[in-house]
Each structure stands twice: as structure tokens, then as C-alpha cells.
Amino acid sequence: MRRVRFGKYLAGRLLSWFMVIFIGITFMFFIPRFFPADPVEGMIAKILSMTSLPEDQVVYIRESLRMQYGLQGTLWQQYLGFLKGAVRLDFGPSLMNFPTDASSIVMRYLPYTVGLSLVTTVVAWTLGNLIGMLAGFRKNKKSSVVLEYIAIFIYPIPYFILALVVQILFCFVWRIFPLTATIVLNQGAARFWETLLRSSILPACTMVVVGFGWWVISMKAMSENTAEEEYVRFARLRGIREGKIATSYVFRNSIIPQVSGLSISLGGVFGGALMTEIIFQYPGVGQLVQKAITQADYNMIMATVSISIVSISTATLAADLIYPLIDPRIRFQ
Amino acid sequence: MIKVDHLTASYKTLDGNVVAVEDANFEIRDNEIFGVAGESGCGKSTLLKVLYDILDFPLQVDAGRVLFTGEKNGQPFSLETGGVRKAWWNHISYVPQAAMSVLNPIARLKNQFLDSIPPEDRGRETKEQTLDRVRAYLEELNLSSETLDAYPFQLSGGMRQRAIIALATFMHPSVILADEPTTALDVVVQRGILMLLMKLQKASRNTMVLVSHDLGVHYQITDRIGIMYSGRMMEIGKTVDLFQNPKHPYTAMLIDALPRVGDKRQRVGIPGSPPPLRNPPPGCRFAARCPKAKDVCRHDAPAFREVSQGRYAACHLLEGEDA
């Protein structure tokens with residue numbers, strides 16, 4: 001009985017997951033095509049600025065570019081062709097890096113983006129919830145008050161200001177870290193990891209600092225409310241030790257909404273961290289998206305944004321499926 | 001035995017102390033159900049808090065003490081205010097008001113039972129042994145042993161309160177304090193819970209203190225009853241005697257306000273409301289609402305004393321009657 005209900009729920013949920021992706025991708029297909037910029041004309045202008053060509057050659061180049069970019073035929077034909085490729089994760093060549101495959105460029109950047117965002121999201125979440133829990137559970141202790149003020153102070157700082165301050169301090173005043181990320185790829189694994197680490201520490205720390213304030217504030221509010229609940233009071237009256245009350249009663253109840261928050265955040269790690277990537281010159285998908293949009297690289301836009309759409313809707317799906325595991329009151333209907 | 005020895009307890013507030021229990025001086029005997037009755041704000045819950053030693057700010061004991069003596073498993077024990085906490089759930093336990101929210105909503109009941117084993121009893125039996133014992137105990141209380149695997153939201157209000165009572169009594173404490181244990185339940189379920197409490201008390205011959213504003217509840221299960229008014233104990237006596245022959249005018253008016261089967265007479269309440277606890281009037285607290293009040297009642301507080309065998313009251317009108 002319960003299994004049947006779960007199967008039904010899962011089928012419906014998978015359908016809506018698929019529809020969200022489909023509709024999202026469709027929108028992303030059409031929107032760039034209404035941009036005033038046209039990648040073919042852009043390329044022709046670039047060629048013409050270097051040499052002058054007779055008119056019939058320009059027409060010929062235009063036709064062959066349209067074919068190679070996958071832009072010939074009506075919009076509808078282009079759309080069908082795109083869908084056919086997309087299921088094989090083939091989004092065609094990148095227009096700005098013609099003729100390299102858009103997917104392979106994304107794949108080159110994705111590990112850096114995912115690595116950085118994944119680690120910082122998880123660290124910020126863990127740290128934020130632990131601090132928030134302490135601040136909320138022992139709200140009258142001085143240390144909790146101090147922690148909370150730090151979080152409230154940090155939370156509203158705009159990321160770019162924090163990043164610039166950190167950069168000035170650690171790259172100019174104390175020359176500990178490189179100003180821009182330089183990751184050495186061709187001198188062996190040890191050198192690669194060392195440079196990766198050195199280049200990632202500042203971006204990661206700034207992302208954690210900016211990200212964890214919210215988790216502290218929300219967890220503090222949650223645990224403070226939970227600590228006032230009758231079941232916590234009754235647990236105390238039963239003589240249950242504070243450590244047990246903190247973990248099994250307060251933390252366990254307060255963490256529920258935070259877990260869904262985490263899974264939504266994790267869905268976003270594929271989208272890149274544009275600000276970080278610009279300020280620290282960190283290789284990542286965020287900058288790729290930005291360049292693709294400004295240069296009307298349709299295929300690159302599709303490759304990067306599709307990944308984001310799929311990952312975010314998958315994360316939401318995962319959150320929905322995880323929920324009943326952490327909260328028994330939720331059942332699939 | 002619980003000896004409440006000239007106990008005064010108050011809440012510390014910015015505008016001064018609010019004395020919620022003043023000079024309470026009485027005994028609760030072994031093997032009895034002692035009821036504490038009175039209207040809202042008369043100090044009965046505060047009294048229970050002090051008995052259970054929940055002296056969290058702003059509640060404080062200004063004078064007197066509570067002394068518990070008894071024995072469990074042949075071992076005598078004695079506890080005093082300030083040191084009752086270490087005996088929680090072992091010698092003394094607490095049944096809260098029937099409410100949706102007194103159990104952890106996301107933990108199975110068996111875990112909440114296991115959490116409640118006092119530290120000194122851990123290791124005396126394995127978890128499985130404890131759960132087997134609890135299972136058998138639940139069946140005694142007419143609860144299916146499957147209840148242990150349930151979450152609180154899967155139980156009805158009555159089942160939940162039975163489970164809470166099981167939780168409060170599975171370590172077989174000598175003293176059980178119950179604060180309005182049936183207030184949120186409908187009368188049918190309420191009766192079941194009261195019968196259960198009574199059965200448990202008869203079986204284990206321990207002491208139960210039951211706080212309720214509902215005199216009907218007291219009439220059904222208590223052996224003796226204490227009537228409180230405005231922070232003071234007004235009258236204590238055997239429940240039956242007290243209902244048949246109330247000595248204190250307040251008790252008499254309370255009982256007279258109770259509806260009775262077959263009696264169609266219009267019930268009258270007690271006009272007025274209790275005096276403020278922050279700044280109580282001198283003399284008897286009830287004088288302003290008492291139809292029989294004399295001059296002396298408004299100036300001198302009557303002593304709480306034994307007015308007849310086993311019957312205590314604080315009233316100037318009883319002065320003539322011999323102790």
C-alpha cells in the first residue's frame with residue numbers, strides 16, 4: 001500500500017521534474033534568439049575588419065557559418081535539431097571558440113566551479129548551523145551573543161567589498177596568496193594541486209564567510225524557538241542531560257528546514273560563482289555564461305544554462321524525496 | 001511523606017515580588033492521592049513547581065522548604081528543595097498537562113522512553129530488556145505494545161496522555177506530580193485517564209499530587225484535597241468530608257457552584273475576582289468576596305490550623321470551634 005503510494009508520488013514528481021527542465025530549456029532556447037546580437041553577422045564583421053571580400057564570398061561565408069553554427073532553417077527546425085542534440089548532451093560548437101564543442105569547454109570549467117562551490121556551500125552550511133545552534137540553544141551565554149553579532153555583522157557585507165578587502169590584505173599587504181588564480185596544469189599532479197589550493201583558498205574563504213551568515217541567523221532563530229517548545233521543557237523535567245536535549249530534541253527538530261535549504265543551494269553549485277570568478281580570475285562556469293551571453297554564443301548559453309536547470313530541479317526533487325527521511329510527519333501522498 | 005514546611009515562593013519581577021505561594025504548611029501522606037484545587041492564578045501550579053524543584057528564574061523560594069521522605073526498593077531516601085532534581089524520574093516524576101506538544105514530534109516513543117532512564121539506572125538492564133519491560137507495562141495501561149514504534153502524531157489525544165503517564169511511571173517513582181493531566185481532553189477520555197491514574201496509584205501504593213481547577217476531577221479520584229486561594233492554602237481535608245461539610249466559606253461557595261445531577265437550581269458563581277498577588281490586601285485574602293466576613297477578617301490574616309480531626313482551615317469564623 002505504502003509502496004504503491006510512493007510509486008505514484010514518484011511518478012508524478014518525476015513528470016514535473018521533466019516538465020520543469022523541458023520548459024526551462026525551451027525558454028532558454030528562444031530568449032537569446034531575440035537578442036539584437038547575431039553571432040554570424042558578428043563573425044562576418046570580424047572577418048571584414050581584417051580583409052575586404054567580394055559580396056558573393058560574404059554570402060557564401062554567411063551560409064556556411066549558419067550551417068556550421070547550426071543556425072540554418074526556420075526557428076522551429078533549429079529548435080528540433082537542438083532538442084535532438086541536447087538529449088545526447090551535444091549542444092553544438094561554441095560560437096566564440098569555434099569550432100570547439102560547447103560541452104567540452106563546459107566540462108573543462110565545471111570541475112573547478114563545482115569543486116569550489118560544493119566545498120564552500122557544505123562548509124558554510126555546517127559551520128553556520130553549528131554556530132547558529134549554539135547561539136540559539138545557549139542564548140544567554142556571552143559566547144553565543146558574540147557569535148550572533150559577528151554573523152549579523154558579516155551577513156549584509158556585499159560580496160565584492162569583502163573580496164576586495166581580503167584581496168588587498170592577503171595579496172598586497174601580506175603577500176600570502178596570488179592576486180589572480182594561476183593553476184599550473186602541465187607540471188605534474190603535485191604542482192597542480194598545490195597551485196589549485198593556493199588559488200582557491202581566498203575565493204573559498206570569502207564565499208564561506210558571505211554564505212554562512214544566513215545559516216547562522218536562520219538556525220539561531222529555529223533553535224531558539226525549538227528550545228522553548230514544550231517537548232524540550234518536558235525533556236528537561238525528565239532529567240535528560242543537556243547534551244542529549246541539544247542533539248536529539250533541539251538540533252534534530254531545527255535542522256529539518258535547513259536540510260531543504262542545503263539541497264537547493266547544492267543545486268546552484270553548477271551555475272558558477274560569477275563574482276568570485278571575476279574578482280579572483282578563477283576559472284569557472286559563471287564567467288563562461290557571462291561571456292556567452294555578451295557574445296551571443298547560443299550554443300554555449302544552452303550548454304551552461306541547461307546544466308543549471310537540470311541540477312537545480314534535480315536538487316529540488318532530491319529535497320522532496322529526502323524530507324520524509326528526516327521528518328516522519330511527512331508522508332508521500 | 002511530603003512535608004511542605006512554611007513554604008513561601010514568589011516570582012521576581014521588575015515591579016517587585018509576586019508572592020504566588022505564601023506560608024504553605026501541610027503534609028502529603030504516603031499512599032494517597034492529594035488534590036490541589038483552586039481557581040486560575042491561585043498558586044497551585046507554582047506549588048507543584050516548587051514541589052518538583054523547578055526553581056528557574058523568576059521563580060524563587062523565599063522561606064521554608066519541602067521535604068520528601070520515603071523508600072524505594074527497600075532503600076530509604078530523603079530529599080529537600082534544591083536537591084530534588086537528582087531524583088527526577090527515579091523517585092519523583094511529573095505528568096504535564098495533556099498537550100499535543102510535550103513529546104518530541106520526530107522521535108519514536110521508544111527512544112523517548114530510553115532517553116528518560118535516569119543516569120544511575122543505565123546499565124542496570126539492556127535497552128532491549130528496558131523496552132520489553134515498557135512493552136509489558138504499556139499493555140497494563142491498555143496501550144498496544146506497538147505504541148513504542150509510533151511517533152507522537154500517530155496517537156490520539158487520549159493515547160498520547162496514556163503514553164505520557166506510562167513515561168512518567170515506568171521507573172516506578174514514589175511520588176508522581178500531575179499538573180492538570182486531563183484538562184485538554186474530552187470528558188470520556190478524561191475519565192479513562194483518571195481511572196488509570198487511580199489504578200496505578202492503588203497498584204504501586206505511591207504518592208500522587210494532582211493539580212486541577214476541576215473539582216469534579218478531584219471528587220472522582222483524590223483521597224484528600226487542599227483548596228488554595230490567592231496563594232494561600234484555605235482548607236485541607238478528606239475529599240469526602242470536604243465535599244459534604246465544607247468548613248471554609250470559600251470551599252463552601254466553590255462546592256455550591258458545582259452542578260449536580262437532578263438539581264435544577266440556578267448556580268451562582270462567586271462574585272468578584274481574586275485580589276492581585278503583587279499587592280494583596282491585609283487580613284484574609286477572601287474577605288472581600290466573603291459574605292460572612294467580619295471586621296477582623298479585613299485586618300488580620302487567619303492562622304491555618306487544625307479545626308477538627310485531620311481537617312485544617314484558615315478562617316476566623318471557625319475560631320469558636322475547638323481543634
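Computed from the coordinates by the stated procedures, all read-outs in this text should not be read as laboratory data. Computed from a prediction, not measured in an experiment: that's the story for all the values here. Note that we place each Cβ from the backbone using ideal geometry, even for glycine, and neighbour counts take in every protein chain shown.
See the values below:
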| read-out | value |
| --- | --- |
| Lys pairs under 26 Å by Cα in the range A:108-296, provided they are eight or more residues apart or on distinct chains | 7 |
| Mean-position separation - Cα centroids, the range B:191-235 and the range A:255-333, in angstrom | 60 |
| Residue-averaged 222 nm ellipticity for chain A, from DSSP H runs of 4+ at -39500 (n - 2.57), nearest 500 | -24500 deg cm²/dmol |
| Net dipole in debye of the protein assembly as shown [+1 Lys, Arg Cβ; -1 Asp, Glu Cβ; about Cα centre; nearest 20] | 600 |
| Between the range B:273-323 and the range B:51-112, the Cα center-to-center distance that results, in Å | 32 |
| Simple Cβ-charge dipole of the range B:100-172, Lys/Arg +1 and Asp/Glu -1, about Cα centre, in debye nearest 20 | 160 |
| For chain A: rounded, prolate or oblate by the Cα gyration tensor [a/c cutoff 1.5] | oblate |
| Ranking of B:H299, B:H172 by count of other Cβ atoms within 10 Å, fewest first | B:H299, B:H172 |
| Anchor A:K84: aspartates and glutamates whose Cα lies under 18 Å away (excluding residues fewer than 8 positions away in-chain) | A:D101 |
| By average C-beta atoms within 10 angstrom, highest first, the peptides A:133-143, A:169-179 | A:133-143, A:169-179 |
| Cβ-based charge dipole, the range A:108-296, positive-most Cα from A:F251, A:T180, A:V119 | A:F251 |
| FRET efficiency estimate (nearest 0.05) - Cβ-Cβ, B:D256 to A:A221, R0 56 angstrom | 0.65 |
| Debye log10 I(q)/I(0) at q = 0.06, 0.08, 0.13 Å⁻¹ for chain B, Cα point scatterers | -0.22, -0.39, -1.00 |
| Student exercise, the range A:213-310 dipole from Lys, Arg, Asp, Glu Cβ charges, in Debye to nearest 20 | 420 |
| Between the range A:84-121 and the range A:154-229, the alpha-carbon center distance in angstrom | 24 |
